[in-house]
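The values are calculated or read from the model by the stated rules, or taken from the named source; none is laboratory data. Nothing here was measured: the structure is a model prediction, and the numbers come from that model. So basically every Cβ, Gly included, is an ideal-geometry build from the backbone, and we count neighbours across all protein chains shown.
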Amino acid sequence: MKYIVILGDGMADEPIEALGMKTPLEYANTPMMDRLAKTAEIGMAKTIPDGMSPGSDTANLAVMGYDPKRYYTGRSPLEALSIGVDMKNTDVALRCNLVTVSDDDLPYEEKKIIDHSSDEITTEDADILIQAVKEAFENETYQFYTGTSYRHLLIWDQGDVVELTPPHDILERVIGSYLPKDEVLREMMKKSYEVLNHHPLNVERANKGLNKANSLWFWGAGTKPCVTSFRDKTGLNGTMISAVDLLKGIAVGAEMEVIQIEGANGGLHTNYEGKANAALKALLEDGRDFVYVHLEGPDEMGHQGKCDAKVQAIEFLDDRIIRPICEGLEKAGEAYRMLILPDHPTPLRIRTHTADPVPYLLYDSRDTHCYTWNYNETNAKGSGIYVEQGYSLMDRLIQEK
């Protein structure tokens, strides 16, 4: 038996007038997911525990079977694992986004965040800017590391777990009241605009019509992670396939194999086929029991407020990842159980995450049930199945191993 989780990050949403009061998942053309739903269990699951912020960190920990209340120590420490940073117990890790703030004559505090991803800047371009940041600010206390695309890392020696605001939560808002209270962090963010805004790379980006990556934004502070072995927990040897350092970091902490996919970038136009092929190779050739395939595209399109693109990301997930994985396993005659779900909603209306329950689909290739439902929020709610503890979904997936 093989086990697969397909995670469409931020895929859940609200009914949208432009889509005939359907959600993007309900509106999208998803024949493969709808086919699976005809013999699958569908329902709603609560992936964000009460009192915790609705992030991909807490939610994906839950989907992987780890109770966030027990295992979560912060988002950035998980990303540090992916980047290869060996944190000390006294270190604090912070996400260091390269964001676009308004390029105007207003004081830094009066600027607005225009784009949390700087037009999905490439890792190659971002690394050039992070090197400029290192030259300007790095010392024994503050160390910067290049991550993926706009997502980077600051390690603060003997630091504090300070309260900070994610940039995608405050798009188009004046940033002054959201800046860190810590004076050093605040001044680095302010001065980063001076370092980056007229950097030759950003001048070139502006000339191409791209948003400048003209400011640092710190958030997601936390201490050294304490995730335990996935194999010890489940009895399965697992593989993670994701373009996002957070997911790769969770996998490193859980002692899972991490597969790097060339061309996987966390955006809408990522290497879908590469992810599907890598999943099949892991399951059918490399002897892996479990694969977790993460797609960031729906979440990014939700943050950017792009309705058509979010629908397209969901359709690409269905046609270019789920379909070839299912067909490949069926052709090989391999029995499998597959869990499909978002980690959290990212509603286009607010362009950030919510803690609302998410629809899930649990498919067993041996099941012979015959239902009339499709996979979407409306039908999942209508099934009457509700999973209060999201981290128990992993047990539901592997209960027949």
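Just name the residue that is farthest from VAL92 (Cα to Cα) out of those in region 199-238 that are part of a helix (DSSP H, G or I) and in the same structural domain as THR90 (by TED's automatic domain parsing).
ASN207
The single condition from (1) within 15 Å of VAL101 (Cα to Cα); (2) surrounded by fewer than 24 Cβ atoms within 10 Å (Cβ to Cβ) that SER192 fails is (2).
On the basis of being surrounded by fewer than 24 Cβ atoms within 10 Å (Cβ to Cβ) and over 24 Å from PRO68 (Cα atoms), does ASP308 make the cut?
On the way: surrounded by fewer than 24 Cβ atoms within 10 Å (Cβ to Cβ): yes; over 24 Å from PRO68 (Cα atoms): yes.
Taking the combined requirement at face value, the residue satisfies it.
The condition (being out of contact with any His (no Cβ under 7 Å at 6 or more places or on another chain) and either at negative phi or without any contact (Cβ under 8 Å) to a residue 40 or more places away in the chain (or both)) is satisfied by just one residue among GLY253, GLY235, GLY266: GLY253. Total residues in region 9-54 satisfying the condition of being surrounded by fewer than 19 Cβ atoms within 10 Å (Cβ to Cβ), in a loop (DSSP other than H, G, I, E, B) and of a type in the set (Asp, Glu): the figure is 2. Within region 160-198, being part of a strand (DSSP E or B) and touching a His at 6+ places or on another chain (Cβ under 7 Å) holds for one residue alone: LEU171.
The residues listed here are SER229, SER242, SER177; of these, the one that is crowded, with 21+ Cβ neighbours inside 10 Å and either more than 30 Å from LYS2 (Cβ to Cβ) or under 25 Å from the mean Cα position of the chain (by Cα) (or both) is SER242. List the pairs whose first member sits in region 352-374 and is under 21 Å from MET11 (Cβ atoms), whose second member is charged (D, E, K, R) and assigned to a loop (DSSP other than H, G, I, E, B), and whose Cβ atoms are under 6 Å apart, counting only residues at least 6 apart or on separate chains? Here the result reads PRO357/LYS46; TYR371/LYS38, each pair linking region 352-374 to a residue that is charged (D, E, K, R) and assigned to a loop (DSSP other than H, G, I, E, B).
Is it the case that region 355-371 has a residue that's on the phi > 0 side of the Ramachandran plot, part of a loop (DSSP other than H, G, I, E, B) and either buried (at least 23 other Cβ atoms within 10 Å of the Cβ) or assigned by TED's automatic domain parsing to the domain that holds GLU14 (or both)?
Residues of region 355-371 on the phi > 0 side of the Ramachandran plot: none.
No, because not a single residue in region 355-371 is on the phi > 0 side of the Ramachandran plot, part of a loop (DSSP other than H, G, I, E, B) and either buried (at least 23 other Cβ atoms within 10 Å of the Cβ) or assigned by TED's automatic domain parsing to the domain that holds GLU14 (or both).
Being more than 30 Å from ILE113 (Cα to Cα) and either in a helix (DSSP H, G or I) or not assigned by TED's automatic domain parsing to the domain that holds LEU348 (or both) is the filter here; which residues of region 273-317 pass it? Give the derivation first.
First, the residues of region 273-317 that are more than 30 Å from ILE113 (Cα to Cα): 273-293.
Answer for region 273-317, where residues must be more than 30 Å from ILE113 (Cα to Cα) and either in a helix (DSSP H, G or I) or not assigned by TED's automatic domain parsing to the domain that holds LEU348 (or both): GLU273, GLY274, LYS275, ALA276, ASN277, ALA278, ALA279, LEU280, LYS281, ALA282, LEU283, LEU284.
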